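Novice: Sending over a structure as structure tokens; questions will come in a sec.
The values are calculated or read from the model by the stated rules, or taken from the named source; none is laboratory data. All figures in this text were calculated on a predicted structure; none of them were measured in a lab. Methodologically, a virtual Cβ is constructed for each residue, glycine included, from the backbone with ideal geometry; neighbour enumeration extends over all protein chains shown.
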């Protein structure tokens with residue numbers, strides 16, 4: 001409370017109690033897989049395909065991920081993280097800066113990509129000069145980290161200025177580089193310490209070497225290790241491991257992604273049906289394959305959605321005009337999710353005549369109505385081609401179609417995730433506030449305002465707000481026993497929109513007397 005100590009007029013600003021809740025993003029994806037180069041086990045944020053090629057190399061037949069990322073941006077995606085995976089047999093690129101002391105440098109992650117890193121350390125122009133009182137400043141150096149691009153040229157990737165050893169002996173350069181650099185690490189000596197002293201040469205340089213991508217393909221354990229690095233990022237809402245559903249090992253990899261999404265409970269995993277770039281099997285065999293795959297799939301929760309079949313695209317690796325190949329649908333679908341979110345809202349099913357699969361020229365299977373009769377009830381979302389609409393997504397179900405019908409539909413599951421994340425972030429201010437009616441009233445006010453705005457955007461069922469949602473935070477659900485335990489309970493109930501999946505038109509003849 002302010003003090004009033006002399007007569008006069010006092011002006012005091014009073015808080016209105018309004019704390020607007022910001023809608024959480026729902027269109028940020030994460031693609032996991034192998035690539036030609038780039039730092040592994042590190043989620044790298046990109047916003048266009050050029051940034052992908054700069055960091056991870058161009059399209060390659062050895063991996064489905066680069067082409068899927070391209071298709072993501074082509075279909076409306078704007079933001080994604082890239083998580084490159086390497087087998088555990090991969091090796092680090094290393095090098096030694098040989099000044100008056102030797103400093104061992106390591107790449108920030110295993111793989112051949114580290115062999116394209118050059119480190120140059122030069123004396124800072126202000127380091128080691130006498131001060132105004134005649135004292136000498138610590139010797140400081142500038143660290144330039146360059147990376148070789150696809151043309152074989154070195155370009156500046158990072159620069160750190162005025163780093164050296166503090167007067168108390170602290171290797172400040174190592175602390176900063178190991179904390180902030182995305183490319184290198186200062187290696188410890190065998191005794192577990194950084195090297196004594198400082199570089200005193202005017203300039204030294206080293207090219208890292210010895211990095212390898214290992215042998216064989218990454219295992220499910222390698223994917224688990226990579227996905228664990230995603231734990232610290234909370235804005236990913238779409239996860240994809242392109243093509244991870246072909247053989248027994250790949251099924252285990254795809255299951256790793258599905259289980260990760262279920263454990264996080266804040267994202268949906270876009271699962272590819274079994275397939276290959278050169279699938280020559282007939283439609284019946286491919287349909288039977290996806291049914292068998294799903295029958296053996298161990299995680300049928302609402303955080304995973306399966307799409308079938310693979311999509312035919314122009315072959316970017318062939319010089320033959322008109323050559324095509326098949327690509328896993330997850331890249332297209334993740335882009336479609338983002339496009340639908342940005343144009344209609346996360347509550348709109350990413351399916352229908354407007355859900356065009358951009359960049360496609362055909363499908364590995366021409367799914368018929370009869371085919372979909374057997375696939376839709378078990379949660380397989382079909383991509384189909386219609387004469388009037390082209391190639392579109394014609395399904396919007398999660399894998400919990402049978403086990404948890406409440407979250408049968410993709411838009412219902414994704415809207416619930418959006419609502420949970422938005423309310424979680426928007427109520428952080430409540431923590432440690434006095435737990436009584438003034439706080440409850442403020443909570444009701446802010447949550448009602450947010451839910452009303454969603455209702456007005458058409459995100460909820462009902463003709464009026466009272467029919468669309470309920471916000472309850474009062475003495476009825478906050479009794480003294482829970483208050484004494486430091487708990488505040490807020491009930492938010494909502495009536496989600498569900499897609500008109502089956503449109504039944506009744507036609508009869510009108511009989512006149």
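Novice: Any idea which residue in segment 291-306 is nearest to residue 412 (Cα to Cα), counting only those that are under 24 Å from the mean Cα position of the chain (by Cα) and surrounded by fewer than 24 Cβ atoms within 10 Å (Cβ to Cβ)? Lay out the reasoning, then the answer.
Specialist: In the first step, residues of segment 291-306 are kept if they are under 24 Å from the mean Cα position of the chain (by Cα); the result is 297-306.
Pick out the ones that are also surrounded by fewer than 24 Cβ atoms within 10 Å (Cβ to Cβ) and you get 297-301.
Details: 297: 22, 298: 22, 299: 19, 300: 16, 301: 13 Å.
By that ranking, first place goes to 301.
Novice: Can I ask one more? Looking only at segment 216-242, how many residues end up being within 17 Å of the chain's Cα centre (by Cα), closer than 14 Å to residue 34 by Cβ and not in a helix (DSSP H, G or I)?
Specialist: Count: 3.
Novice: Using the structure shown, decide if residue 362 is assigned by TED's automatic domain parsing to the domain that holds residue 274 and touching a helix residue (DSSP H, G or I) at 6+ places or on another chain (Cβ under 7 Å).
Specialist: Working: assigned by TED's automatic domain parsing to the domain that holds residue 274: yes; touching a helix residue (DSSP H, G or I) at 6+ places or on another chain (Cβ under 7 Å): no.
Considered against the rule, which asks whether it is assigned by TED's automatic domain parsing to the domain that holds residue 274 and touching a helix residue (DSSP H, G or I) at 6+ places or on another chain (Cβ under 7 Å), residue 362 comes out as no.
Novice: Which of the numbered conditions does residue 35 fail, given that it passes all the others? Conditions: (1) under 15 Å from the mean Cα position of the chain (by Cα); (2) without any contact (Cβ under 8 Å) to a residue 60 or more places away in the chain; (3) buried (at least 22 other Cβ atoms within 10 Å of the Cβ); (4) within 22 Å of residue 261 (Cβ to Cβ).
Specialist: (1)
Novice: Something else: Considering segment 307-324 alone, what residues qualify as being within 27 Å of residue 412 (Cα to Cα) and either without any contact (Cβ under 8 Å) to a residue 12 or more places away in the chain or part of a loop (DSSP other than H, G, I, E, B) (or both)? Before the answer, list the steps.
Specialist: Of all residues in segment 307-324, those within 27 Å of residue 412 (Cα to Cα) come to 307-311.
Selection gives 309, 310.
Novice: So, in segment 234-247, of the ones that are modelled with pLDDT under 95 and farther than 26 Å from residue 287 by Cα, which residue ends up surrounded by the fewest Cβ atoms within 10 Å (Cβ to Cβ)?
Specialist: Step by step, filter segment 234-247, then rank; the result is 234.
Novice: Would you call residue 146 at pLDDT 90 or above and out of contact with any helix residue (DSSP H, G or I) (no Cβ under 6 Å at 6 or more places or on another chain)? So that I can check it myself, show each step before the final result.
Specialist: Values: at pLDDT 90 or above: yes; out of contact with any helix residue (DSSP H, G or I) (no Cβ under 6 Å at 6 or more places or on another chain): yes.
When the stated conditions are applied, residue 146 passes them.
Novice: Check segment 327-350 and report whether any residue there is surrounded by 18 or more Cβ atoms within 10 Å (Cβ to Cβ), modelled with pLDDT of 95 or more, in a strand (DSSP E or B) and in contact with a strand residue (DSSP E or B) (Cβ under 8 Å, 6 or more places away or on another chain).
Specialist: yes
Novice: Further, regarding this structure: In this structure, does residue 445 turn out to be under 26 Å from the mean Cα position of the chain (by Cα), in contact (Cβ under 8 Å) with a residue 12 or more places away in the chain and outside the structural domain of residue 304 (by TED's automatic domain parsing)?
Specialist: On the way: under 26 Å from the mean Cα position of the chain (by Cα): no; in contact (Cβ under 8 Å) with a residue 12 or more places away in the chain: yes; outside the structural domain of residue 304 (by TED's automatic domain parsing): yes.
No.
Novice: Right, another one. Out of 279, 250, which single residue is in the same structural domain as residue 335 (by TED's automatic domain parsing), assigned to a helix (DSSP H, G or I) and modelled with pLDDT under 95?
Specialist: Within the list 279, 250, the selection yields 250.
Novice: Let me ask another. Name the single residue that is farthest from the chain's Cα centre (by Cα) among those in segment 386-417 being buried (at least 18 other Cβ atoms within 10 Å of the Cβ) and more than 30 Å from residue 451 (Cβ to Cβ).
Specialist: Checked segment 386-417; the qualifying residue farthest from the chain's Cα centre (by Cα) is 391.
Novice: Is one or more of the residues making up segment 209-227 more than 22 Å from residue 77 (Cα to Cα) and without any contact (Cβ under 8 Å) to a residue 24 or more places away in the chain?
Specialist: Our first condition is that a residue be more than 22 Å from residue 77 (Cα to Cα); within segment 209-227, this holds for 209-226.
Applying the additional criterion that residues be without any contact (Cβ under 8 Å) to a residue 24 or more places away in the chain yields none.
Checked segment 209-227: no residue is more than 22 Å from residue 77 (Cα to Cα) and without any contact (Cβ under 8 Å) to a residue 24 or more places away in the chain.
Novice: Which of (1) within 30 Å of residue 349 (Cα to Cα); (2) within 33 Å of the chain's Cα centre (by Cα); (3) surrounded by 12 or more Cβ atoms within 10 Å (Cβ to Cβ) is the odd one out, the single condition residue 502 does not satisfy?
Specialist: Of (1) within 30 Å of residue 349 (Cα to Cα); (2) within 33 Å of the chain's Cα centre (by Cα); (3) surrounded by 12 or more Cβ atoms within 10 Å (Cβ to Cβ), only one is false for residue 502: (3).
Novice: Report, by residue number, each residue of segment 188-215 that is in a loop (DSSP other than H, G, I, E, B) and modelled with pLDDT of 85 or more. Before you say what the answer is, go through the steps one by one.
Specialist: So the first thing to find is which residues in segment 188-215 are in a loop (DSSP other than H, G, I, E, B), and the list is 188-202, 208, 210-211, 213-215.
Correct list: 208, 210, 211, 213, 214, 215.
Novice: Only one of these conditions is not met by residue 171: (1) buried (at least 21 other Cβ atoms within 10 Å of the Cβ); (2) modelled with pLDDT of 90 or more; (3) out of contact with any strand residue (DSSP E or B) (no Cβ under 7 Å at 6 or more places or on another chain). Which number is it?
Specialist: (2)
Novice: Mind listing whichever residues of segment 269-290 are without any contact (Cβ under 8 Å) to a residue 12 or more places away in the chain and either under 21 Å from the mean Cα position of the chain (by Cα) or farther than 17 Å from residue 377 by Cα (or both)?
Specialist: In the first step, residues of segment 269-290 are kept if they are without any contact (Cβ under 8 Å) to a residue 12 or more places away in the chain; the result is 280-282, 284-285, 288.
Those that are without any contact (Cβ under 8 Å) to a residue 12 or more places away in the chain and either under 21 Å from the mean Cα position of the chain (by Cα) or farther than 17 Å from residue 377 by Cα (or both): 280, 281, 282, 284, 285.
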